[in-house]
Amino acid sequence: MTNTNSQNTDLLAYTKPPEGHVSHSRLERVLRSGRFAVTAELNPPDSADAEDVYQAAQPLGEVADAINATDASGANCHMSSIGICALLTRSGYSPVYQISCRDRNRIAIQGDVLGAAALGVSNVLCLTGDGVGVGDQPGAKPVFDFDSLSLLRTIRTMRDEGVFLSGRKITRPPQLFLGAAENPCIEPHEWRPDRLIKKIDAGAEFIQTNYIYDIPLFEAFMARVRDAGADKRVFIIAGVGPLASAKAARWMRSNVPGIHIPDHIIARMEATENPSVTGKQICIELIQQLRKIKGVAGVHIMAYRREQLVSSIVLDSGVLAERRKGKAR
Amino acid sequence: MYRIRMFAVRHARKFERIYTWIERVMVLLDPVFARIGYNRVERPIALVEKGVKTLLFDCKMCGQCVLSSTGMSCPMNCPKQLRNGPCGGVRDGGFCEVKPEMKCVWVLAWDGASRMKDGAEKIREVMPPVEHSLQGSSSWLRVSREKAEAIRESREASRKTLAKAFPEARANEPAAAPLSVEPSKATQAEAEK
Ligand code: SF4
């Protein structure tokens with residue numbers, strides 16, 4: 001099948017994915033071809049205006065192979081991830097549809113997976129989700145019918161066996177590249193690699209990590225992942241983000257679940273006259289260091305409320321230039 | 001009973017052994033349960049199970065006990081009720097994201113599992129989501145019934161193999177190589193009545 005008038009192969013009609021692929025995802029193509037991937041997180045708007053989504057996506061789309069649409073992250077209410085995905089696929093972007101287990105049960109989620117695939121989504125990121133208590137509506141009922149692993153296994157079953165978890169047949173199974181999150185710098189350090197392997201067994205084909213600010217800790221994690229051969233079974237995309245200020249970093253560290261920022265980074269943010277520039281510089285350096293770690297297949301940039309920085313961070317880090325020169329990972 | 005729960009995890013190996021033992025007894029009791037009727041023993045056994053396990057593990061009677069795969073740390077005490085934890089929010093020192101005063105149930109689970117014999121491998125298997133319709137029912141009885149059924153099935157399979165190996169005898173003297181399913185003691189008792 002030829003597709004002449006659009007760059008966006010995600011929107012191909014329902015055809016078989018390329019040989020050895022599970023989806024039409026651009027991210028999957030980049031990763032499987034051995035190139036260093038770049039993904040970026042879109043900050044969901046608190047509005048009903050599609051234009052807000054497009055404005056946020058524009059600076060990410062310039063450099064990213066896929067744009068993550070978050071699912072009420074931090075248990076805060078925003079435009080839904082499926083809504084953002086629908087808008088993004090319509091205009092030719094390739095989104096990563098994030099699904100958190102916090103807000104919906106298995107009936108809703110399996111239905112949404114089909115809906116998302118029909119809308120042209122080809123990447124899914126399965127998350128457990130933060131507890132409702134940290135969000136803007138702590139009185140909400142936490143659902144957690146699935147956890148990220150049973151969710152992965154469920155979507156893989158839908159895709160590969162063509163059935164819902166109940167065994168009922170799906171006439172056209174979704175073709176999705178399956179992802180999971182990982183938080184390598186958080187306790188229990190001893191068991192994090194084991195849980196990563198469990199996620200691969202559950203169905204994960206790519207991993208996007210939470211923020212990595214502690215390179216030695218992450219290297220230790222990666223060494224154990226490599227020893228287990230797990231880096232050959234999954235594409236690991238390391239998460240980074242520019243800090244806005246020392247105060248913001250400290251706030252994040254104590255208020256956002258699962259964030260580890262070493263003191264020396266905060267000290268560097270404190271010492272600087274221009275925190276915004278330093279925050280960006282630290283982020284670029286992290287990308288360059290991560291790029292060199294064996295088994296790291298890409299970077300995931302989460303620039304909270306600072307999308308406009310993303311493209312210059314990526315370009316200044318030089319990872320895309322290397323990629324253009326044909327340098328493999 | 002947070003303290004006792006922690007104790008159970010610290011002694012996961014011992015509890016694993018006790019658990020295998022309980023399981024064996026439950027399987028042995030299958031004919032008795034079948035005779036009385038599983039429906040009729042469900043309530044008293046569930047009560048005992050609840051008492052024992054609530055004391056030891058803060059059991060929530062989900063009806064789908066997986067303690068031997070979770071280092072004897074009950075996953076229903078995880079505020080997110082994960083069956084494949086821990087989540088990415090664990091606090092420094094291994095404390096829970098949602099209830100900071102409590103140790104993460106899953107940090108304890110991996111810890112306990114590392115002390116167990118089979119548990120260390122079992123925790124690496126992906127667990128399915130909880131079947132909420134089983135809430136309140138007895139896991140012990142379910143395991144007993146399933147294991148006993150499996151034993152019965154394997155006996156039948158061996159009978160089939162035997163009959164196949166001696167086809168002539170089977171044709172001439174069916175009783176020498178019987179294929180029919182033996183009625184369980186309960187149905188026999190029923191027939192006698
Ligand atoms: S920190 Fe541990 S106990 Fe708390 S919600 Fe996460 S997995 Fe469950």
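The values are calculated or read from the model by the stated rules, or taken from the named source; none is laboratory data. Not measured: the values here are computed from a predicted model. Here Cβ is always computed from backbone atoms with ideal geometry, including for glycine, and neighbour counts include all displayed protein chains. Keep in mind that these areas ignore ligands, DNA and RNA; they rest on the heavy atoms of the full protein, side chains included. Shrake-Rupley method; radii C 1.70, N 1.55, O 1.52, S 1.80 Å.
Among the residues of segment B:82-96, which ones are under 19 Å from B:SER139 (Cβ atoms) and within 8 Å of the ligand (Cβ to nearest atom)? Reasoning before the result, please.
Going through segment B:82-96, the residues under 19 Å from B:SER139 (Cβ atoms) turn out to be B:82-84.
Once the filter is applied, which keeps residues that are under 19 Å from B:SER139 (Cβ atoms) and within 8 Å of the ligand (Cβ to nearest atom), segment B:82-96 yields only B:LEU82.
Of all residues in segment B:97-143, which are farther than 24 Å from B:GLU16 by Cβ and within 13 Å of the ligand (Cβ to nearest atom)?
Across segment B:97-143, the qualifying residues are B:GLU97, B:VAL98, B:LYS99, B:PRO100, B:GLU101.
Sort through A:ARG250, A:ARG323, A:ARG226 and tell me the only one that's of a type in the set (Lys, Arg), open to solvent by less than 50 Å² (accessible area, probe 1.4 Å) and not in a loop (DSSP other than H, G, I, E, B). Write out each step before concluding.
Numbers: A:ARG250 fails: open to solvent by less than 50 Å² (accessible area, probe 1.4 Å); A:ARG226 fails: open to solvent by less than 50 Å² (accessible area, probe 1.4 Å).
The conditions single out A:ARG323.
Conditions (1) farther than 30 Å from A:THR154 by Cβ; (2) among the small types (Gly, Ala, Ser); (3) free of Cβ contacts under 8 Å to residues at least 24 places away in the same chain; (4) away from chain B (no Cβ under 14 Å), marked per residue:
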{"site": "A:ASP194", "(1), (2), (3), (4)": "no, no, yes, no"}
{"site": "A:LYS247", "(1), (2), (3), (4)": "yes, no, yes, yes"}
{"site": "A:VAL256", "(1), (2), (3), (4)": "no, no, no, no"}
{"site": "A:ASP263", "(1), (2), (3), (4)": "yes, no, yes, no"}
{"site": "A:THR272", "(1), (2), (3), (4)": "yes, no, yes, yes"}
{"site": "A:SER276", "(1), (2), (3), (4)": "yes, yes, no, yes"}
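Starting from segment A:15-34, keep only residues that are open to solvent by less than 10 Å² (accessible area, probe 1.4 Å), then list their pairs with residues that are part of a helix (DSSP H, G or I) whose Cβ atoms are within a distance under 8 Å, requiring at least 6 positions of separation or different chains.
Correct list of pairs: A:SER25/A:ASP10.
Residues A:LEU127, A:LEU151: which one is open to solvent by less than 50 Å² (accessible area, probe 1.4 Å) and closer than 24 Å to B:GLN135 by Cα?
None of the other options fit; the residue is A:LEU151.
Identify the residue in segment A:187-220 that is hydrophobic (A, V, I, L, M, F, W, C) and open to solvent by 10 Å² or more (accessible area, probe 1.4 Å) and, among all such residues, is farthest from A:LYS294 (Cα to Cα).
Let us first name the residues in segment A:187-220 that are hydrophobic (A, V, I, L, M, F, W, C), namely A:191, A:196-197, A:200, A:202, A:204, A:206-207, A:212, A:215, A:217-218, A:220.
Pick out the ones that are also open to solvent by 10 Å² or more (accessible area, probe 1.4 Å) and you get A:191, A:197, A:200, A:215, A:217, A:220.
Details: A:TRP191: 20, A:ILE197: 17, A:ILE200: 18, A:ILE215: 13, A:LEU217: 14, A:ALA220: 12 Å.
Out of the qualifying residues, it is A:TRP191.
Is it the case, given these coordinates, that A:ARG90 is under 26 Å from A:ASP145 (Cα atoms) and charged (D, E, K, R)? Spell out the reasoning first.
Numbers: under 26 Å from A:ASP145 (Cα atoms): no; charged (D, E, K, R): yes.
No, not satisfied.
Check A:ILE197, A:ILE170, A:ILE155, A:ILE186 and return the single one that is within 19 Å of A:VAL299 (Cα to Cα) and of a type outside the set (D, E, K, R).
Details: A:ILE197 fails: within 19 Å of A:VAL299 (Cα to Cα); A:ILE170 fails: within 19 Å of A:VAL299 (Cα to Cα); A:ILE155 fails: within 19 Å of A:VAL299 (Cα to Cα).
After applying the criteria, what remains is A:ILE186.
Before we move on, is A:ASN183 in contact (Cβ under 8 Å) with a residue 60 or more places away in the chain, under 20 Å from A:VAL96 (Cα atoms) and within 14 Å of chain B (Cβ to nearest Cβ)? Reasoning before the result, please.
Working: in contact (Cβ under 8 Å) with a residue 60 or more places away in the chain: yes; under 20 Å from A:VAL96 (Cα atoms): yes; within 14 Å of chain B (Cβ to nearest Cβ): yes.
Here the answer is yes, as A:ASN183 does meet what is asked.
Somewhere in segment B:53-65, is a residue more than 12 Å from the ligand (Cβ to nearest atom), under 30 Å from A:SER73 (Cα atoms) and touching a residue at least 40 places away in the same chain (Cβ under 8 Å)?
Yes, there is a match, as at least one residue in segment B:53-65 is more than 12 Å from the ligand (Cβ to nearest atom), under 30 Å from A:SER73 (Cα atoms) and touching a residue at least 40 places away in the same chain (Cβ under 8 Å).
Residues that are more than 9 Å from every other protein chain (Cβ to nearest Cβ), modelled with pLDDT under 95 and more than 20 Å from the chain's Cα centre (by Cα): find the helices (runs of 4 or more DSSP H) completely inside segment B:57-168 holding 3 or more of those.
On the way: elements: B:105-115, B:119-122, B:139-165.
Where helices (runs of 4 or more DSSP H) fall fully within segment B:57-168 and carry at least 3 residues being more than 9 Å from every other protein chain (Cβ to nearest Cβ), modelled with pLDDT under 95 and more than 20 Å from the chain's Cα centre (by Cα), they are B:139-165.
B:ASN77: near the ligand (Cβ under 9 Å from one of its atoms) and either open to solvent by 10 Å² or more (accessible area, probe 1.4 Å) or of a type outside the set (Gly, Ala, Ser) (or both), yes or no?
Values: near the ligand (Cβ under 9 Å from one of its atoms): yes; either open to solvent by 10 Å² or more (accessible area, probe 1.4 Å) or of a type outside the set (Gly, Ala, Ser) (or both): yes.
When the stated conditions are applied, B:ASN77 passes them.
Inspect all residues belonging to segment A:254-274 and state whether any of them is among the acidic types (Asp, Glu), under 30 Å from B:CYS87 (Cβ atoms) and open to solvent by less than 30 Å² (accessible area, probe 1.4 Å). Explain how you work it out, then say what you get.
The first filter runs over segment A:254-274 and keeps only residues among the acidic types (Asp, Glu), leaving A:263, A:270, A:273.
Next, only the ones that are under 30 Å from B:CYS87 (Cβ atoms) stay: A:263.
Now narrow it down to the ones that are open to solvent by less than 30 Å² (accessible area, probe 1.4 Å): none.
No: zero hits.
From the set of residues in segment B:80-110 that are charged (D, E, K, R) and either in contact with a Cys (Cβ under 9 Å, 6 or more places away or on another chain) or under 21 Å from A:ILE197 (Cα atoms) (or both), which is surrounded by the fewest Cβ atoms within 10 Å (Cβ to Cβ)?
Step one: list which residues in segment B:80-110 are charged (D, E, K, R), which gives B:80, B:83, B:91-92, B:97, B:99, B:101, B:103.
Cutting the leftovers down to either in contact with a Cys (Cβ under 9 Å, 6 or more places away or on another chain) or under 21 Å from A:ILE197 (Cα atoms) (or both) gives us B:80, B:83, B:91, B:97, B:103.
On the way: B:LYS80: 26, B:ARG83: 24, B:ARG91: 18, B:GLU97: 22, B:LYS103: 20.
Here the residue is B:ARG91.
Could you count how many residues in segment A:128-147 are out of contact with any helix residue (DSSP H, G or I) (no Cβ under 8 Å at 6 or more places or on another chain) and facing another protein chain (nearest Cβ under 9 Å)?
Number of matching residues: 2.
Residue-by-condition table, conditions (1) more than 16 Å from the ligand (Cβ to nearest atom); (2) closer than 26 Å to B:HIS132 by Cα; (3) open to solvent by less than 10 Å² (accessible area, probe 1.4 Å):
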site: A:SER91; (1), (2), (3): yes, no, no
site: A:ILE99; (1), (2), (3): yes, yes, yes
site: A:ARG102; (1), (2), (3): no, yes, yes
site: A:VAL121; (1), (2), (3): yes, no, yes
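Starting from segment A:158-177, keep only residues that are closer than 15 Å to A:HIS24 by Cα, then list their pairs with residues that are among the charged types (D, E, K, R) whose Cβ atoms are within a distance under 7 Å, requiring at least 6 positions of separation or different chains.
As it stands, the answer is A:PRO173/A:ARG159; A:PRO174/A:ARG159; A:GLN175/A:ARG159; A:LEU176/A:ARG159; A:PHE177/A:GLU28; A:PHE177/A:GLU205, since those pairs meet every condition given.
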